[in-house]
């Protein structure tokens, strides 16, 4: 059963609690999904509560380099939620933590393999492959591909064979690091 949050004060406390529990700047997409879809808050009530928190200086909203809207707690917002979080129902707080874990797993899963084309100049391109585990970069490999069409072809092949590529590179590294018996 979804928790029901309707009172404006509870909506604002819930927003503050989510941003605090997220432990890093919270993307608008995550915050609105949690509030509207998971907690069942009316979208307009959610946006009204968010605007009030911004106007009163409890949260700061900004756009990252890619234009995504992010929310962060200000000092006064952190102090407020630290003193008031128990006013939110215990079950709602537990549900929020569960929702956040689910959202972080989705984000971590989408970031575990990154393959991108990097221009070296107008006619020469590289392909960069990154394997991540949570916030740690496990492996980063870049190699020249030549023309953009070649780089795009490599990128598609690597995306299709990402697990094989990672396994083969790890095996090559392990083999190179084996002590030589002389």
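What number of residues within segment 32-50 satisfy the criterion of being surrounded by 13 or more Cβ atoms within 10 Å (Cβ to Cβ) and assigned to a helix (DSSP H, G or I)?
12
Return a yes/no flag: does segment 88-111 have any residue that is in contact with a strand residue (DSSP E or B) (Cβ under 7 Å, 6 or more places away or on another chain) and either surrounded by fewer than 11 Cβ atoms within 10 Å (Cβ to Cβ) or closer than 28 Å to residue 159 by Cβ (or both). Walk me through how you get there before you give the answer.
The initial filter retains those residues of segment 88-111 that are in contact with a strand residue (DSSP E or B) (Cβ under 7 Å, 6 or more places away or on another chain), namely 111.
Checking which are either surrounded by fewer than 11 Cβ atoms within 10 Å (Cβ to Cβ) or closer than 28 Å to residue 159 by Cβ (or both) leaves us with 111.
Taking every residue of segment 88-111 in turn, at least one turns out to be in contact with a strand residue (DSSP E or B) (Cβ under 7 Å, 6 or more places away or on another chain) and either surrounded by fewer than 11 Cβ atoms within 10 Å (Cβ to Cβ) or closer than 28 Å to residue 159 by Cβ (or both).
Only one of these conditions is not met by residue 57: (1) in the same structural domain as residue 133 (by TED's automatic domain parsing); (2) over 30 Å from residue 146 (Cβ atoms). Which number is it?
Here residue 57 clears every test but (1).
Pick out, from segment 89-182, the helices (runs of 4 or more DSSP H) lying fully within it that include 2 or more residues that are free of Cβ contacts under 8 Å to residues at least 60 places away in the same chain and either closer than 30 Å to residue 10 by Cα or under 16 Å from the mean Cα position of the chain (by Cα) (or both). Even if it seems obvious, please write down each step before you answer.
Working: elements: 90-110, 148-160, 162-177.
In segment 89-182, the matching helices (runs of 4 or more DSSP H) lie at 90-110.
When segment 1-18 is examined, which residues are found to be at pLDDT 85 or above and either within 11 Å of residue 92 (Cα to Cα) or not in a loop (DSSP other than H, G, I, E, B) (or both)?
Filtering segment 1-18 down to residues at pLDDT 85 or above leaves 7-18.
Of everything in segment 1-18, those that are at pLDDT 85 or above and either within 11 Å of residue 92 (Cα to Cα) or not in a loop (DSSP other than H, G, I, E, B) (or both) turn out to be 8, 9, 10, 11, 12, 13, 14, 15, 16, 17, 18.
Restricting segment 21-31 to residues that are in a helix (DSSP H, G or I) and surrounded by fewer than 18 Cβ atoms within 10 Å (Cβ to Cβ), which is farthest from the chain's Cα centre (by Cα)?
From segment 21-31, those in a helix (DSSP H, G or I) are 21-22, 28-31; that's our starting set.
Narrowing the set further to residues that are surrounded by fewer than 18 Cβ atoms within 10 Å (Cβ to Cβ) leaves 21, 28-29.
On the way: 21: 14, 28: 11, 29: 10 Å.
Filtering segment 21-31 for residues that are in a helix (DSSP H, G or I) and surrounded by fewer than 18 Cβ atoms within 10 Å (Cβ to Cβ), the one farthest from the chain's Cα centre (by Cα) comes out as 21.
State all residues of segment 62-81 that are more than 30 Å from residue 162 (Cα to Cα) and either assigned by TED's automatic domain parsing to the domain that holds residue 136 or surrounded by 11 or more Cβ atoms within 10 Å (Cβ to Cβ) (or both); if no residue qualifies, say none. Let's see the steps before the verdict.
In the first step, residues of segment 62-81 are kept if they are more than 30 Å from residue 162 (Cα to Cα); the result is 62-63, 69-81.
Hits for segment 62-81 are 69, 70, 71, 72, 73, 74, 76, 77, 78, 79, 80, 81.
Among residues belonging to segment 65-82 that are part of a loop (DSSP other than H, G, I, E, B) and under 17 Å from the mean Cα position of the chain (by Cα), point out the one that is nearest to residue 50 (Cα to Cα).
Taking the candidates together, the pick is 68.
The values are calculated or read from the model by the stated rules, or taken from the named source; none is laboratory data. Being a predicted model, the structure only gives us computed values, none of them experimental. Here the Cβ is made from the backbone with ideal geometry for all residues, glycine too, and neighbour counts use every protein chain on show.
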